[in-house]
């Protein structure tokens, strides 16, 4: 198994559907020294606090007596998706403005999947590794330890 190498000035994205950190390696491949460059935090209350409408109903076929309920909108999940899209756009700007050569993405599975869909080709070409973990609420030194162990 080859050890993950994060070069000097490479960026590490750590995020989920609520919070995102952009960290830059101020160290080298052997001794990580991650510095926080940018933080995004989304204020996303639970779905029951966002949507007050009851689910809609639909009539099936010509018989108006046959009705069924529609699934309620999951406003919380919808806002998470918008947040991921916003963060993906920020990644593109970062890659362009800072001329990022290497990027490591650390996120839980669902967020990783959504990020893959939203990332520009320019960002995808810079991704050196994807790590399926939620380290968003960990301190930077714990994130460094996880990356060194990966």
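Length gained on full extension, residue 8 to residue 129: 42.0 nm, using 0.36 nm per residue less the C-alpha separation. Tell me, how many Å apart are the Cα centres for region 83-150 and for region 25-39? Their Cα centres are 14 Å away from one another. Per residue, the average separation of C-alpha pairs within less than 8 Å and at least 6 apart gives region 73-147 a relative contact order of 33 percent. Between residue 120 and residue 89, the modelled label-to-label distance comes to 1.2 nm, taking each label 7 Å out from Cα in the direction of the beta carbon. Here each label is just a point 7 Å from Cα along the line to Cβ, and for residue 30 and residue 145 those points are 2.2 nm apart.
If the chain linking residue 110 and residue 39 were pulled fully straight, counting 0.36 nm for each residue of separation and taking away their Cα-Cα distance, it would gain 23.6 nm.
Throughout, read-outs are computed from the coordinates displayed, never taken from laboratory work. Every value quoted in this text rests on a predicted model; they were computed, and no experiment measured them. Counting neighbours? That spans all protein chains shown, and the Cβs are built from the backbone with ideal geometry, glycine included.
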